[in-house]
Amino acid sequence: MSKPENTFQELAGVPVHYDRAPSAGYGTRGIPYTFHCTEPFEATLHAAFEAL
């Protein structure tokens with residue numbers, strides 16, 4: 001059985017958006033998106049965005 005993928009839809013309590021999606025339109029806030037990464041990298045991203 002494979003390990004489930006780690007996903008997130010927010011960082012530091014703020015929803016994340018993908019602004020390069022064709023349907024988002026250039027210069028918009030983008031569209032809500034589910035990002036995939038390893039759990040340690042997600043923890044690093046959360047820490048970085050909390051620091052901002």
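Taking the Cα of Tyr18, stepping 7 Å toward and past its beta carbon, and measuring to each backbone N in region 34-52: which are under 16 Å?
34-38
Report, by chain and number, residues whose modeled amide H sits under 5 Å from the one on Tyr33, excluding near sequence neighbours (fewer than 5 apart, same chain).
Those lying under 5 Å, H to H, from Tyr33 are Val16, Tyr18.
Considering amide H positions built from the backbone, and no H for Pro or chain starts, which residues 5 or more places from Asn6, or on another chain, come under 5 Å of its amide H?
Cys37
Throughout, read-outs are computed from the coordinates displayed, never taken from laboratory work. Since the model is a prediction, treat every value here as computed from it, not as a measurement. We place every Cβ from the backbone using ideal geometry, glycine too, and count neighbours over all the protein chains shown.
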